[in-house]
Amino acid sequence: MAAKRLGQFTVQLSSPRIVGAFTLMGPREGAGPLGRYFDAIVDDYMWGEIQPEKAERKYLEHAARRALERAGLRETDVDYFIAGDLLNQIVSSTYSARSLGVPHLGIFAACATSALGLGLAAMLVDGGFARRVLVATASHYQAVERQYRYPIELNIQRKPTNQWTATGGAAAVVAAEGEGPRITQVTFGRVVDWGVKDANDMGSAMAPAAADTLLRHFSDTGTTPGDYDLILTGDLAKVGSKLFRVLAGRAGVTLGGKHMDGGASIYSPKQQPGAGASGAVCSAAAILGYVLKEMARGRYRKVLALPTGCLHSPTTWQQGESCPGVSHAIVLEGA
Amino acid sequence: MDRDRDAIDGHKEYQRLVKQLAPKPNAAKEAARAFLVGGTLCLIGQFVLDFFRRTQPTEGEAIAATLATMILLGVVLTALGVYDTLGEFGGLGAAVPITGFANTIASAAMDFRREGYVVGMGAKMFLIAGPVIVFGIIAGTLTGLVAWLVSAVSG
């Protein structure tokens, strides 16, 4: 009997806290509506590099090191480094792990990486398998564009459903002891595919996964939207958010003003005329930048964060397959 | 495979909902922008052709010089980081003229230069333009064959 399991998909935790976090974002993200919540903005989004992959790595590694500083720790103080990104073979994570010298758990959940990482870290800490775990992710517009879509300078007209990959890195330290909001529940989601084939419409592909995890979480924990001060989805953006609310509504769950989406919030409509932002750092920055700071100020006490990831690859898309989505949920509670 | 098809067939209703809620592009606005960008590029091309008609000995040479000039313009605008903005604004108005074709090659060359001249730029600069060239040659060959057959039959 697994004593910490709650219902079919959820686990109940008691000890883990986020004791330090750092969000390090690009200039475009810094100029957006959430800009003032980020810990640092890099003026040059290529960060002096010619290769965007190197720039992405720099964002991830610097965010990780700054999060350690915030927690008052050194590399040797953490037991595991959990990281993931969007590039093939998650190179930004592994190359950062190379210089950190901490046992590394590489993860992939596309843009849901932040919740998968935080959830795993919280479970390791709560289970007594680690004292402190460093979690990080990053994404870079150019690196992702090159891998998933087209050359940067190509004349392409984006569709209204298109999302713009956010540039930046975000990291957090999860520990059993210290000050900071607690991670009290984790609901890892199923991979859900409702047959959306358009890789330019990831919000629509991911909305069913977000709704699935949301409803699973509510039924496992016996909670309703009324129990939370904020329900934050990752990067469904405008199009996906609308579908998510429709799907939740069909199951009798009204989210009302409690729902906010990271992808729809990172850029102003003027900055990005399409659906909004995406990228692994999108939900990470919304949680570790916006949510943590608003929790510290006392605006939110209990937050359900459910980042979403679109799990297709350029190859599966070219082969005509649909885009599977996944959503992992964590519950954050103020001290 | 069958499981994939089940997943997709089982959610036809959702796929309809996605289509229904998707933001619709403003066709009139898009067409006007495409006309503006494409028209301006063609107008520049016409001025260049008129110039070369006065300076080149034959019509054929005037056209060749015009194409070379417009290709250069497309490459320069790509290198300056302007052409992708033109494409974002003008859509096919920027893509269809020969400057757009030049952009597909120059943008890929710039992008993959970062992996070196041989395995990067050399191997991948025709990533976007490649299919256009391949099927262009096939279509040209077939058309030429038909024209030759017609002329052979009609004597």
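Listed values, structure above:
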{"quantity": "Options A:Trp194, A:Trp164; residue that is of a type in the set (Phe, Trp, Tyr) and not assigned by TED's automatic domain parsing to the domain that holds A:Gly26", "calculated": "A:Trp194"}
{"quantity": "Total residues in the range A:127-151, condition modelled with pLDDT under 95, assigned to a loop (DSSP other than H, G, I, E, B) and either more than 13 Å from chain B (Cβ to nearest Cβ) or surrounded by fewer than 19 Cβ atoms within 10 Å (Cβ to Cβ) (or both)", "calculated": "2"}
{"quantity": "Complete set of residues in the range A:218-238 that are charged (D, E, K, R) and either within 18 Å of A:Met202 (Cα to Cα) or within 12 Å of chain B (Cβ to nearest Cβ) (or both)", "calculated": "A:Asp235, A:Lys238"}
{"quantity": "Complete set of residues in the range B:87-112 that are over 22 Å from A:Pro52 (Cβ atoms), at the interface with another protein chain (Cβ under 7 Å from one of its Cβ atoms) and assigned to a helix (DSSP H, G or I)", "calculated": "B:Ala94, B:Ala95, B:Gly100"}
{"quantity": "Complete set of residues in the range B:36-62 that are surrounded by 14 or more Cβ atoms within 10 Å (Cβ to Cβ) and either among the hydrophobic types (A, V, I, L, M, F, W, C) or not in a helix (DSSP H, G or I) (or both)", "calculated": "B:Val37, B:Leu41, B:Cys42, B:Ile44, B:Val48, B:Leu49, B:Phe51, B:Phe52, B:Gln56, B:Ala62"}
{"quantity": "In the range B:70-100, the residues that are surrounded by 19 or more Cβ atoms within 10 Å (Cβ to Cβ) and under 10 Å from the mean Cα position of the chain (by Cα)", "calculated": "B:Gly93, B:Ala94, B:Ala95, B:Pro97, B:Thr99, B:Gly100"}
{"quantity": "Hey, A:Arg132 out of contact with any Lys or Arg (no Cβ under 7 Å at 6 or more places or on another chain) and among the charged types (D, E, K, R) or not", "calculated": "yes"}
{"quantity": "Only one of A:Thr184, A:Thr161, A:Thr213, A:Thr223 that is of a type in the set (Val, Ile, Thr), in a loop (DSSP other than H, G, I, E, B) and modelled with pLDDT of 95 or more", "calculated": "A:Thr223"}
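Each row is one residue, and each column tells you yes or no for (1) in contact (Cβ under 8 Å) with a residue 12 or more places away in the chain; (2) closer than 17 Å to B:Leu17 by Cβ; (3) within 14 Å of another protein chain (Cβ to nearest Cβ).
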site: A:Gly240; (1), (2), (3): yes, yes, yes
site: A:Phe244; (1), (2), (3): yes, yes, yes
site: A:Ala248; (1), (2), (3): yes, yes, yes
site: A:Gly256; (1), (2), (3): yes, no, no
site: A:Ala264; (1), (2), (3): yes, no, yes
site: A:Tyr267; (1), (2), (3): yes, no, no
site: A:Gly274; (1), (2), (3): yes, no, yes
site: A:Gly279; (1), (2), (3): yes, no, no
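The values are calculated or read from the model by the stated rules, or taken from the named source; none is laboratory data. Since this is a predicted model, take the numbers as computed values, not measurements. No Cβ is skipped: glycine too gets one built from the backbone with ideal geometry, and neighbour counts run over all protein chains shown.
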